[in-house]
Amino acid sequence: MCGKRSKCSFSHLEVILIVCLTILLVVTVVLLVLHFLSKSSNDSSKVRTNYLLGLGRADCTGPVAEIPLMGYANLDQVGGGLLTHLYSRAFIVAEPDDSRRIVFVSTDIGMVSQRLRLEVLKKLKSKYGELYRQDNVILSGTHTHSAPGGYFQYTLFLITSKGLIRPSLNAIVNGIVKSIDIAHQNMKRGRLFINRGTVENSQINRSPFSYLENPASERSRYSSNTDKEMVMLKMVDENGQELGLVSWFAVHPVSMNNTNRLVNSDNVGYASYLFEQEKNKGMLAGEGSFVAAFASTNLGDVSPNTKGPFCVNTGESCNNPHSTCPVGGAAMCMAMGPGSDMFDSTRIIGQNIYLKARELFENASQEITGPISSAHQWVNMSDVLVELNATHTVRTCKPALGHSFAAGTIDGVGAFNFTQGSVEGDPFWDEIRDQLLGEPSNETRACHKPKPILFSTGEMTWPHPWHPDIVDVQIAAIGSLAIVAVPGEFTTMSGRRLREAVKREFDSHGTLGMNVVIAGLCNVYTHYITTYEEYQVQRYEAASTIYGPHTLSAYIQLYRGLARAIATNTVQDLPRGPEPPIFSIGNLTLVPLLTADRAPASKTFGDVLQEVRQQYQVREVAEVTFVGANPRNSAENATEHNFLMVERYNSTSDSWHVVQNDASWDTRFYWTKGFFGRSNVTIEWHIPHDTEQGIYRIRYFGHYRKNLSFTHALSIPFEGTSSAFEITKP
């Protein structure tokens, strides 16, 4: 008690107790703060737990001669050499405890066929059991139109690629599996970042009159009639070391036109080449651990030929609803790229894409975190019941192609002067069709209206079905990223509608903020998917929408179901669906048989026929011609083959060192077939501006076929070397 004193005083004991109490209070507060900070840190680390990442790249080029190139459906466009190699690029993302994983593969081919996918899955199962399955493996084609065909099982595609060509199919299957093997063997902890940006001056809509059929209120929400946005996924290890990237950007890889004969990966492949060369410094093209994939998305109506369509005979514009010219009709209407020729246009578009991806890569800061999930179904797309609204339902149709399918596009016109935008049939061609292939049923005609049917492929079954009925639909979710794997070419507005529908489905079930990207040309090829409105005017893309006018609505319904299953964690309840068939296809093919190679009199394989000059300057073309042999001997003799090397002489070590190979953009390998087994090979080196002065030479590597008997032959390796030549600065 304080008594009568005006101020209280404390005893020493009381002071000590007060100090101790204060210290205890401070310590308690500090411990509580540390506890909550630690808990917050632990919670944060749980959110930001690293994924397990694996990346791999493998060659899948296959035969580069005499095999039809897949894309333009031009039987005369067969391989006659090599500009760049084709690669499969695989990306594995797994949860930290490796309980779930997905595989995304982008491959430098026209599209993934059902036969190709089934054979890849079969090989993966034999190696890894149930680790890699149809639900967690996405196979996507870049859609280059300059890659070998021959890897399909449905009759329509067998016709356009001259049969099932085993060396071509095997090269792609083996390349894809090898890229997954490499990714599997190199799994490490890492992080994912996403970024977005606009790519300018690299695309146009090649069917703008179809796009204008979409509602004005819908079109007003977008600044362009193409999707200019690039979505880029960056991968680094836990120490920040750069591993690779996947980029999705809508553009057709048709900068190389239908006169091209050199196997190559077109504009998106050139973007991959530039990025990988930059990151894998000191390595030859196709080598190094950094992997950069530029994958396809909703590119259905998107062209890289930015000068637009012109009449090649008069120079006037043919940008009209039917893409026709006053003189020569539709056959004269072609779109051109920004360059001086198709090589230059490929370079310009590819570089534009690469530069934007590099910018996005360097500035990527939004991290992808969260669980991994995947959902897959097989669906009979020829008979899907679609609920348009609460009171109306419709069905998809048996596959069929319209008359405008035969017209082709401004990127590659068709034959016989068919015209885009045909909503009426042609009696002449309809009569020929009826006599040779059979008349479409009334049911199919009615289902596909207003499409005038040219080929009722769903009713054509000899020797095998002409088009697939059973189709894959698939979504893979990595945290806040949803990859929607679609089995064809969605147009710009179709892709926008699908992305929005999938995002809304995730949102409505509490999975907010999903980044939805479309991966195109996945798992099985079913041509195009337009909107209902675009379908009505029947340009090429609509005539190639094979399951009828409600195809897009059916896909939106199906993919919403997959998104719902992922969001509600009910993937296991999804019906598996009807499994696709595998047809027994014989060896019937229109590809010429391999015959014995022969050299001219007094010459041998690899001898120089036309020598290089003694001296060149940078930006000139060094050219040499050799006694050659069929390049198919090399492709069928080994999974991978290097046809050429450019070597530089090192005077210090008195030795030659390889500076470029046939995967380089700067080299070109031309094969010219002669008579009686003779052929020539011409190699060009377009000398880059940054080439060092010095002494160089060009080497050629091939195999010639020697028949031992009627049934046995040997493939014998040989090589040739040019004279040395000097490169000087201007």
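Of note:
- Near Ile529, once Lys and Arg are set to +1 and Asp and Glu to -1 for all other residues with Cβ below 9 Å from its Cβ, the sum equals -2.
- Peptides 549-562, 382-395, 184-197 ordered by packing proxy, namely the average of other Cβ atoms within 10 Å per residue, highest first: 549-562, 184-197, 382-395.
- Taking amide H as placed 1.01 Å from N in the peptide plane, Ile368 has its amide H under 5 Å from the amide H of Leu192, Phe193, Ile194, each at least 5 places away in sequence or on another chain.
- Projected area, mean over directions - segment 400-517, Cα convex hull, nm²: 10.0 nm²
- The residues neighbouring Ile204, those whose beta-carbon lies less than 13 Å from its own, together hold a net charge of -1 under the Lys/Arg +1, Asp/Glu -1 convention.
- Take the Cα of Ile716, step 7 Å toward its Cβ, do the same at Lys673, and the gap between the two points is 2.3 nm.
- Reported value for segment 42-125: 134 Å³ per residue, from the convex hull of its C-alpha atoms.
- Cα gyration tensor, segment 156-273 - rounded (a/c under 1.5), prolate or oblate: oblate
- DSSP bridge analysis restricted to the chain gives an antiparallel fraction near 85%, rounded to the nearest 5.
- Segment 246-388 shape via C-alpha gyration tensor axes, a/c threshold 1.5: oblate
- Dimensionless Rg/Rh of segment 370-428 - Kirkwood Rh, Rg from C-alpha atoms: 1.20
- Centre separation in Å (Cα based) which lies between segment 251-294 and segment 136-213: 13 Å
- Sorted peptide list for 51-62, 290-301, 689-700, 211-222, criterion being average Cβ within 10 angstrom, highest first: 290-301, 51-62, 689-700, 211-222
- Rounded, prolate or oblate (a/c below 1.5 giving rounded, otherwise prolate when a/b exceeds b/c) for segment 88-142 by Cα gyration tensor: oblate
- Distance from the alpha carbon centroid of segment 498-521 to that of segment 653-683 works out to 48 angstrom.
- Degrees, to the nearest 10: 342-363 long Cα axis against longest axis of the chain: 10 degrees
- Thr419 accessible area, 1.4 Å probe, all protein chains in place, Å² to nearest 10: 40 Å²
- Phi angles across segment 325-336 convert, under the Karplus curve 6.51 cos²θ - 1.76 cosθ + 1.60 with θ = phi - 60°, into 3J(HN,Hα) values of 10, x, 10, x, x, 5, 5, 8, 8, 9, 9, 10 Hz, Gly and Pro given as x.
- Shape metrics for segment 77-188, restricted to C-alpha atoms - Rg then Dmax, Å: 14.8, 49
- Ratio Rg/Rh [Cα only; Rh per Kirkwood] for the chain: 1.08
- Separation in nanometres of the label points that stand 7 Å from Cα toward Cβ, at Arg219 and Thr314: 2.6 nm
- Ranked by the mean number of other Cβ atoms within 10 Å per residue, highest first, peptides 486-496, 315-325, 200-210 order as 486-496, 200-210, 315-325.
- For the chain, the longest principal axis of the Cα atoms and the long axis of helix 166-185 meet at an angle of about 20 degrees.
- Angle of helix 12-47 to the longest C-alpha principal axis of the chain, folded into 0 to 90 degrees and rounded to 10: 20°.
The values are calculated or read from the model by the stated rules, or taken from the named source; none is laboratory data. Every value quoted in this text rests on a predicted model; they were computed, and no experiment measured them. So basically every Cβ, Gly included, is an ideal-geometry build from the backbone, and we count neighbours across all protein chains shown. For the accessible areas, the whole protein counts, side chains as well, though only heavy atoms, and no ligand, DNA or RNA atoms are used. Shrake-Rupley method; radii C 1.70, N 1.55, O 1.52, S 1.80 Å.
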